[in-house]
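K.L.:
My questions all concern the structure below.
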Amino acid sequence: MGNLASIIFTAEFGYAILRVTTPILFAAMAALISDRAGVINIGLEGIMLMGALTGVIGSAFSGSLWIGLISAILGGVLMAMLLAYFSLYLKTDIILGGVALNLMSSGGTIFILYLVAHDKGISSSLKSGVFPQVDIPLIKDIPVVGEIFSGHNILTYIAFLSVLVIYIFLYKTPLGLRIRAVGENKDAAASVGINVRRIQFLALVLSGVLAGFGGAYMSMGYVSWFSRNMTAGRGFIALAAEAMGRGTPLGTMLTSLLFGFADALSNSLQSLRVPAEFVQMIPYIATILGLVVYSNQQKPKKVKGEMEESV
Amino acid sequence: MEEIIRMEGITKVYPNGVVANNQVDFSITEGEIHALVGENGAGKSTLMKVLFGQEQSEEGKIFIRGREVKLTSSQNAIEHGIGMVHQHFMLVPSLTVAENLVLGKEPTKGGFLDFDKAVEITKELSEQYNLIVEPEAKVEDIPVGKKQKVEILKALCRGAKILILDEPTAVLTPQETSELFRELIELKNKGHTIIFISHKLNEVKEICDRVTIMRRGKNVGVFHIDEISTEEISNLMMGKEMSLDIQKKKAEPKEPVLSVDGLSYFNVVGRQVLKDVSFCVRAGEILGVAGVEGNGQKELVEIITGLQVDYRGTINILDRNIDKLSIKGIRGLGVGHIPEDRMTYGVAELASVEENLISNRYDDSNFQNKLLMDTDTIDSWTAKTIDEYIIKTDSSKRLVKMLSGGNIQKVVVARELSTDPKLLIAHQPTRGIDVGAANFIHRKLVDMRDTGAAILLVSADLNEIMDLSDSLIVMYEGEIVAYFEDMSKVTEEELGLYMLGLKRQSEDEIGRCFHA
Ligand SMILES: Nc1ncnc2c1ncn2[C@@H]1O[C@H](COP(=O)(O)OP(=O)(O)O)[C@@H](O)[C@H]1O
Ligand SMILES: [Mg+2]
């Protein structure tokens, strides 16, 4: 146990949490934006994975990191548009569409990888860029705090910034208002002349942009290559984080951090003499536990407390 | 005054094959309040949705001020100055009144939503039309009457000169209704034209200038309101003579069947929805529960029928405590339940009429044939029941959702009454169905009472409550605030005062409804 404490209560561990939270947070924000428009994007996992691959390819062929980022976003957006087209225009069930997207991406990325890099596992033959790490002036010099919060990948900062941007977008702009209205009562929105399908399409596209960022981080920040199925369930964990965060940007950020914590823990514990397979289960078990706790608190305990009091 | 709208030969067929409008002509004069009446399913809402651009008709033309227009979306209709307040409110609950009002045409400042401006717009409009709302309140927190004002303002805010109100009074108390009528007259005086859909003919008589009557998708007559009596309107609506009030003899209550003692209940967010409610329903009586919706009636019914379990207090049915009983166990005591929400709790809409009818007795040994279900017995029983309850369907195998609202409700009633329950919980048994079906159901309830069943009738429809109940309790904010042992002494206005919490009986008077 002493070992555990010596792992958790360190600045490195704090740093690691933010590092591993980044892709979950991007995906969770992607989940949030589509969910608030009333379209559940189960396909995030696949979208993110595709973004990770197109990012690497774009960067390798152009030699530019930023074109890599744009390629990742484009990859994400195209996938999201595919889902939007099938579910909103051809009226497929969005859940089935999302599942199909995930399966297609899982196999499709390997296929493309083989075409481009002649490898079915990893993209190491492609020379893609890696996003730089940035030190934050002033903060970097503060002991502990600096170690935790400074020196992260630039995409990590963008991820946390996106929470604020999405908050402002949803609650302070006309478009955000429309998205929330469509998600809550689309007949009401339609009755005042809002084009529901267009709003939902847009929300899915934005969701694709954010998941594209998440993918770019996976292959050009977290590590510097693409490997098969490298998103490893983060798209699903993000959906859980969004649900537990009750669809609010801040709540979702906090639950994403919670899952990031579990993920970081699983990484750190691998250095101890615990079986690796066991440790790797931690994030997923945390997800299940999180969802159980979440569904229990849906019927607040306060009710019972009050009742007992007044008896 | 000149004609502002003319609809010619409108025919609307829904994808499921229902011909909701059949060659309907409809005309509105500028500045009038025009009633559109008809039984449920007559096609009133459909005709108005066509006018509001929400549904496209297969045939027909629409003229506004003599010019033909194509209304292909609500946006189109709004641009032509048409606004609609739907039967089911079209509001976003978590948004504020002001946000709902400006939705779709939001004021902005530097690209951002200008909330202050939205509030200002709301205030101005609210004052201009004397429709008082709180701009910054969330819609989910305001009462139904206010929501309706928000809906009207929403239409006005979009420049509506012609307002369509689809059954606006269905959800209002008498007081709120008269307030609405004052507001509508004010709108009329300001030059607006109003189309008013209603079932309640006395209301139509009260404020409308002309009336168009629809029956089975057709326009069966247009009249100046002073040229026609309510009886004549109702005959045209139904296509036959039918008495509106129910004949019943005086109740002879016997021993209590249901006794509720000290019932309290807290909902999921911790609000106390029922406060120490005690009453009995006796064999051979109909006890009415009146009240504005949302004052605990729903929870009361859910608890008695076993849908809700976390309550405090004692409930006995025929001297059995139901605390530990499942829903099926409670039904086993001889309880029937006509639920409020017929599409969710009343029927399985994708199952057939027959399957729905036997869904509370499929495991009855009469319907079993050793191993499998005895389809012959079931078929003949179903046919008999469909006959007895006059359910209009071409086959017992038809999916319930293909039926009209009134016939769906008859399926529910048939299922619940044909077990001869000792206690029947009837929650809004005739909400939103046509007068013919409603009368039929009322008749059945009275018959059941006469054969000794105890009936708890919960309804927001005052006419129904007043006509049917033998005695009556009124609920306000989770409490019983009045008990009337004899209905003949109660007036609608007085009931309204209790329903709005403006008046309340003494504890002793209220306590009389606990007969045990
Ligand atoms: N969206 C729909 N799809 C299929 N049938 C419908 C739909 N809306 C209404 N109907 C059917 O059309 C008929 C007319 O309905 P409606 O216009 O709502 O009547 P009213 O408003 O007079 O009660 C009814 O038989 C109803 O079941
Ligand atoms: Mg209607």
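The values are calculated or read from the model by the stated rules, or taken from the named source; none is laboratory data. Worth saying up front: this structure is predicted, and the values here are computed from it rather than measured. Note that each Cβ is placed from the backbone with ideal geometry, even for glycine, and that neighbours are counted across all protein chains shown.
K.L.:
Which of (1) among the charged types (D, E, K, R); (2) surrounded by fewer than 23 Cβ atoms within 10 Å (Cβ to Cβ); (3) within 14 Å of chain A (Cβ to nearest Cβ) does B:E99 not meet, given it meets every other one?
P.N.:
B:E99 satisfies every listed condition except (2).
Table: residues versus (1) within 14 Å of chain B (Cβ to nearest Cβ); (2) touching a residue at least 60 places away in the same chain (Cβ under 8 Å); (3) within 21 Å of A:T252 (Cα to Cα); (4) part of a helix (DSSP H, G or I).
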site: A:L170; (1), (2), (3), (4): yes, yes, yes, yes
site: A:G176; (1), (2), (3), (4): yes, no, yes, yes
site: A:I179; (1), (2), (3), (4): yes, yes, yes, yes
site: A:I194; (1), (2), (3), (4): yes, no, no, no
site: A:A203; (1), (2), (3), (4): no, yes, yes, yes
site: A:L206; (1), (2), (3), (4): no, yes, yes, yes
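K.L.:
With respect to B:K154, is the statement that it is more than 18 Å from the chain's Cα centre (by Cα) and either within 16 Å of ligand 1 (Cβ to nearest atom) or within 14 Å of chain A (Cβ to nearest Cβ) (or both) true? If you could, list the steps in order and put the result at the bottom.
P.N.:
Details: more than 18 Å from the chain's Cα centre (by Cα): yes; either within 16 Å of ligand 1 (Cβ to nearest atom) or within 14 Å of chain A (Cβ to nearest Cβ) (or both): yes.
For B:K154, the condition - more than 18 Å from the chain's Cα centre (by Cα) and either within 16 Å of ligand 1 (Cβ to nearest atom) or within 14 Å of chain A (Cβ to nearest Cβ) (or both) - is met.
K.L.:
Mind checking whether some residue in segment B:155-169 is basic (K, R) and over 28 Å from B:I455 (Cα atoms)? Steps first, please.
P.N.:
First, the residues of segment B:155-169 that are basic (K, R): B:158, B:161.
Next cut, over 28 Å from B:I455 (Cα atoms) only: B:158, B:161.
Yes - at least one qualifying residue is present in segment B:155-169.
K.L.:
Would you mention how many residues in segment A:151-168 are within 12 Å of chain B (Cβ to nearest Cβ) and crowded, with 18+ Cβ neighbours inside 10 Å? Write out each step before concluding.
P.N.:
Quick first cut of segment A:151-168, residues within 12 Å of chain B (Cβ to nearest Cβ) only: A:168.
With the extra rule that they be crowded, with 18+ Cβ neighbours inside 10 Å, the set shrinks to none.
Summing the residues that are within 12 Å of chain B (Cβ to nearest Cβ) and crowded, with 18+ Cβ neighbours inside 10 Å in segment A:151-168 gives 0.
K.L.:
Could you check segment A:97-132 and list, in sequence order, the residues that are in a loop (DSSP other than H, G, I, E, B), of a type in the set (A, V, I, L, M, F, W, C) and surrounded by fewer than 17 Cβ atoms within 10 Å (Cβ to Cβ)?
P.N.:
First, the residues of segment A:97-132 that are in a loop (DSSP other than H, G, I, E, B): A:118-121, A:123-132.
Still in the running and of a type in the set (A, V, I, L, M, F, W, C): A:126, A:130-131.
Scanning segment A:97-132 gives a single hit, A:V130.
K.L.:
Condition test on B:I213, is it within 14 Å of chain A (Cβ to nearest Cβ) and either among the β-branched types (V, I, T) or away from ligand 2 (no atom under 16 Å from the Cβ) (or both)? Full working, then the answer.
P.N.:
On the way: within 14 Å of chain A (Cβ to nearest Cβ): no; either among the β-branched types (V, I, T) or away from ligand 2 (no atom under 16 Å from the Cβ) (or both): yes.
Answer is no for this residue.
K.L.:
May I ask you to list the residues in segment B:402-422 that are among the hydrophobic types (A, V, I, L, M, F, W, C) and either surrounded by fewer than 24 Cβ atoms within 10 Å (Cβ to Cβ) or within 24 Å of B:A20 (Cβ to Cβ) (or both)? Write out each step before concluding.
P.N.:
Going through segment B:402-422, the residues among the hydrophobic types (A, V, I, L, M, F, W, C) turn out to be B:402-403, B:408, B:411-414, B:417.
Result: B:M402, B:L403, B:I408, B:V411, B:V412, B:A414, B:L417.
K.L.:
If you don't mind, another one. With respect to A:V144, is the statement that it is under 30 Å from B:F112 (Cα atoms) and away from chain B (no Cβ under 14 Å) true?
P.N.:
no
K.L.:
Could you list, ordered by first residue, the pairs with Cβ atoms under 8 Å in which the first is in segment B:71-84 and assigned to a loop (DSSP other than H, G, I, E, B) and the second is surrounded by 18 or more Cβ atoms within 10 Å (Cβ to Cβ) and among the aromatic types (F, W, Y), at least 6 apart or interchain?
P.N.:
B:L71/B:F52
K.L.:
Is it true that some residue in segment B:469-486 is touching a Pro at 6+ places or on another chain (Cβ under 7 Å) and within 20 Å of B:T169 (Cβ to Cβ)?
P.N.:
Among the residues of segment B:469-486, not one is touching a Pro at 6+ places or on another chain (Cβ under 7 Å) and within 20 Å of B:T169 (Cβ to Cβ), which makes the answer no.
K.L.:
Okay, next question. May I ask you to list pairs of residues, at least six apart or on different chains, whose Cβ atoms are under 9 Å apart, with the first in segment B:141-167 being under 11 Å from B:V97 (Cα atoms) and the second being among the basic types (K, R) and within 16 Å of ligand 2 (Cβ to nearest atom)?
P.N.:
Every condition considered, no pair remains.
K.L.:
Take segment B:205-235 and flag every residue that is within 16 Å of ligand 1 (Cβ to nearest atom), surrounded by fewer than 22 Cβ atoms within 10 Å (Cβ to Cβ) and under 22 Å from the mean Cα position of the chain (by Cα). Give the steps one after another, and end with the answer.
P.N.:
Our first condition is that a residue be within 16 Å of ligand 1 (Cβ to nearest atom); within segment B:205-235, this holds for B:211-221, B:233-234.
Now drop any that are not surrounded by fewer than 22 Cβ atoms within 10 Å (Cβ to Cβ), which leaves B:215-216, B:218, B:220-221, B:233-234.
Once the filter is applied, which keeps residues that are within 16 Å of ligand 1 (Cβ to nearest atom), surrounded by fewer than 22 Cβ atoms within 10 Å (Cβ to Cβ) and under 22 Å from the mean Cα position of the chain (by Cα), segment B:205-235 yields B:R215, B:R216, B:I233, B:S234.
K.L.:
Here is a follow-up. Cβ-Cβ below 7 Å, separation at least six or inter-chain, first residue in segment A:253-281 and at pLDDT below 80, second part of a helix (DSSP H, G or I): which pairs?
P.N.:
Going by the 7 Å Cβ cut-off, the qualifying pairs are A:Q270/A:A276; A:Q270/A:V279; A:L272/A:N3; A:V279/A:S266; A:V279/A:L269; A:Q280/A:S266.
K.L.:
Of the residues B:G9, B:G53, B:G31, which is more than 13 Å from ligand 1 (Cβ to nearest atom), assigned to a strand (DSSP E or B) and modelled with pLDDT under 95?
P.N.:
Values: B:G53 fails: assigned to a strand (DSSP E or B); B:G31 fails: assigned to a strand (DSSP E or B).
Going through B:G9, B:G53, B:G31 in turn, just one is more than 13 Å from ligand 1 (Cβ to nearest atom), assigned to a strand (DSSP E or B) and modelled with pLDDT under 95: B:G9.
K.L.:
Moving on. Could you grab me the full set of residues in segment B:58-70 that are in contact (Cβ under 8 Å) with a residue 12 or more places away in the chain and either within 12 Å of ligand 1 (Cβ to nearest atom) or not in a loop (DSSP other than H, G, I, E, B) (or both)? So that I can check it myself, show each step before the final result.
P.N.:
Of the residues in segment B:58-70, the ones in contact (Cβ under 8 Å) with a residue 12 or more places away in the chain are B:58-66.
B:E59, B:G60, B:K61, B:I62, B:F63, B:I64 - these are the residues of segment B:58-70 that are in contact (Cβ under 8 Å) with a residue 12 or more places away in the chain and either within 12 Å of ligand 1 (Cβ to nearest atom) or not in a loop (DSSP other than H, G, I, E, B) (or both).
K.L.:
Whether any residue in segment B:213-223 is closer than 23 Å to B:L497 by Cα and of a type in the set (V, I, T) is what I want to check. Outline the logic, then answer.
P.N.:
Filtering segment B:213-223 down to residues closer than 23 Å to B:L497 by Cα leaves none.
Looking for residues that are closer than 23 Å to B:L497 by Cα and of a type in the set (V, I, T), one finds none in segment B:213-223, hence no.
K.L.:
Same structure, new question: Tell me, which residue of segment B:252-287 that is of a type in the set (G, A, S) and closer than 24 Å to B:D508 by Cβ is nearest to the other protein chains (Cβ to nearest Cβ)? Even if it seems obvious, please write down each step before you answer.
P.N.:
Within segment B:252-287, the subset of a type in the set (G, A, S) is B:259, B:262, B:264, B:270, B:278, B:283-284.
From what's left, closer than 24 Å to B:D508 by Cβ: B:259, B:262, B:264, B:278.
Numbers: B:S259: 21, B:G262: 11, B:S264: 8, B:S278: 17 Å.
So, considering only residues that are of a type in the set (G, A, S) and closer than 24 Å to B:D508 by Cβ, the one nearest to the other protein chains (Cβ to nearest Cβ) is B:S264.
K.L.:
State whether the residues of segment B:458-468 include one that is surrounded by fewer than 23 Cβ atoms within 10 Å (Cβ to Cβ), touching a residue at least 60 places away in the same chain (Cβ under 8 Å) and among the small types (G, A, S).
P.N.:
There is no residue in segment B:458-468 that is surrounded by fewer than 23 Cβ atoms within 10 Å (Cβ to Cβ), touching a residue at least 60 places away in the same chain (Cβ under 8 Å) and among the small types (G, A, S).
K.L.:
Go through (1) within 12 Å of ligand 1 (Cβ to nearest atom); (2) at the interface with chain A (Cβ under 9 Å from one of its Cβ atoms) and name the single condition B:L113 misses.
P.N.:
Among (1) within 12 Å of ligand 1 (Cβ to nearest atom); (2) at the interface with chain A (Cβ under 9 Å from one of its Cβ atoms), B:L113 violates only (1).
K.L.:
Condition first: in contact (Cβ under 8 Å) with a residue 24 or more places away in the chain and more than 16 Å from A:Y217 (Cβ to Cβ). Now tell me which residues in segment A:143-160 satisfy that.
P.N.:
Matches in segment A:143-160: A:V144, A:E147, A:I148, A:F149.
K.L.:
Any idea how many residues of segment B:471-501 are within 27 Å of B:F266 (Cα to Cα) and not in a strand (DSSP E or B)?
P.N.:
9
K.L.:
Go through segment A:67-96 and give me each residue that's surrounded by fewer than 19 Cβ atoms within 10 Å (Cβ to Cβ), β-branched (V, I, T) and in a helix (DSSP H, G or I).
P.N.:
A:I67, A:I70, A:I95
K.L.:
Within the group B:K324, B:K250, which residue is within 20 Å of B:L468 (Cα to Cα) and loosely packed, with under 15 Cβ neighbours inside 10 Å?
P.N.:
Details: B:K324 fails: within 20 Å of B:L468 (Cα to Cα).
B:K250 is the lone residue from the list that is within 20 Å of B:L468 (Cα to Cα) and loosely packed, with under 15 Cβ neighbours inside 10 Å.
K.L.:
Something else about it: Would you mind telling me which numbered condition in (1) buried (at least 23 other Cβ atoms within 10 Å of the Cβ); (2) touching a strand residue (DSSP E or B) at 6+ places or on another chain (Cβ under 7 Å) A:E242 fails?
P.N.:
(2)
K.L.:
Continuing with this model, one more query. Quick one: in segment B:1-50, of everything that is within 13 Å of ligand 2 (Cβ to nearest atom), within 14 Å of chain A (Cβ to nearest Cβ) and not hydrophobic (A, V, I, L, M, F, W, C), which residue is nearest to B:K410 (Cα to Cα)?
P.N.:
Of everything passing the filter in segment B:1-50, B:S45 is nearest to B:K410 (Cα to Cα).
K.L.:
While we're looking at this one, here's another question. Please specify each residue of segment B:288-312 satisfying the condition of being more than 15 Å from B:V481 (Cα to Cα) and touching a Ser or Thr at 6+ places or on another chain (Cβ under 6 Å).
P.N.:
Matches in segment B:288-312: B:R312 only.
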